[in-house]
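Have a look at the structure below, then the notes.
The values are calculated or read from the model by the stated rules, or taken from the named source; none is laboratory data. All figures in this text were calculated on a predicted structure; none of them were measured in a lab. For neighbour counting, all protein chains shown are included, and Cβ atoms are generated from backbone atoms with ideal geometry for every residue, glycine included. Ligands, DNA and RNA are excluded from the accessible area calculation, which covers all protein heavy atoms including side chains. Shrake-Rupley method; radii C 1.70, N 1.55, O 1.52, S 1.80 Å.
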Amino acid sequence: VIGAAKRLSGTGGDPVVELQTNFGGGKTHSMLALYHMAGSTPVQDLSGLDQLLEKQGLSVPQGINRAVLVGTSRGPQDVLHAEGDRKIRTTWGELAWQLGGQAAFDILRKNDEQLIAPAGLFKKVLEQCQPALILVDELADYCVKASARISGISSLADHTFSFMQQLTG
């Protein structure tokens, strides 16, 4: 939480924080705390978090764009229907939509339609949607299912791995 708060407040912190614990180790609870910390709930209403941030001399800016992907909540065959007739088919499309709506999604719309990882384009989404918090959980589950979905000479799982490598790089 401290590393993310530092990053979001512009005082340091790594751009990618990977939580690795055994089953029941608190990953989901940590991500929920980050989600609420970066949301519209005042930090002083988040019991204990306000004291932790104050002790570190940190504050969290307002207006953080948030996106959440949970690999067990949908499969690669699912098409999300956003406003109007917009159809979102990929993890990169979904993240862009959650972070910045239509304008962010349009940056990589063709990649979403063609199920091809957006080589370098997602950086433009992030630049447009700063500050941003992206939470990803259970990605491996999604990728197992996505391995059955063919995209060009590869699979959607391969493109998803490529995208996540770009995102976390």
Q: Examine segment 140-158 for a residue that is under 24 Å from ALA4 (Cα atoms), touching a residue at least 12 places away in the same chain (Cβ under 8 Å) and in a loop (DSSP other than H, G, I, E, B), and state whether such a residue exists.
A: no
Q | Test: VAL144 is of a type in the set (A, V, I, L, M, F, W, C), at pLDDT 90 or above, surrounded by 15 or more Cβ atoms within 10 Å (Cβ to Cβ) and under 20 Å from LYS27 (Cβ atoms) | A | no
Q | All positions within segment 49-64 that are open to solvent by 30 Å² or more (accessible area, probe 1.4 Å) and either out of contact with any Pro (no Cβ under 9 Å at 6 or more places or on another chain) or in a helix (DSSP H, G or I) (or both) | A | ASP50, GLN51, LEU52, GLU54, LYS55, GLN56, GLY57, SER59, GLN62
Q. Does segment 70-80 contain at least one residue that is of a type in the set (Val, Ile, Thr), in contact with an Asp or Glu (Cβ under 9 Å, 6 or more places away or on another chain) and modelled with pLDDT of 80 or more?
A. yes
Q: Could you check, for segment 70-81, whether at least one of its residues is among the basic types (Lys, Arg) and closer than 22 Å to LYS27 by Cβ?
A: yes
Q: Could you figure out which of (1) within 20 Å of TRP97 (Cβ to Cβ); (2) polar (S, T, N, Q); (3) free of Cβ contacts under 8 Å to residues at least 40 places away in the same chain isn't true of GLN130?
A: (3)
Q | Residues that are under 16 Å from MET164 (Cα atoms) and either of a type in the set (Gly, Ala, Ser) or exposed (fewer than 13 other Cβ atoms within 10 Å of the Cβ) (or both), drawn from segment 95-105 | A | ALA96
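One line per residue, one yes/no per condition, for (1) more than 17 Å from the chain's Cα centre (by Cα); (2) surrounded by 15 or more Cβ atoms within 10 Å (Cβ to Cβ):
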{"position": "ARG66", "(1), (2)": "no, yes"}
{"position": "PRO76", "(1), (2)": "no, yes"}
{"position": "HIS81", "(1), (2)": "yes, no"}
{"position": "ARG86", "(1), (2)": "yes, yes"}
{"position": "GLY93", "(1), (2)": "no, yes"}
{"position": "ILE107", "(1), (2)": "no, yes"}
{"position": "LYS123", "(1), (2)": "no, no"}
{"position": "ASP137", "(1), (2)": "no, yes"}
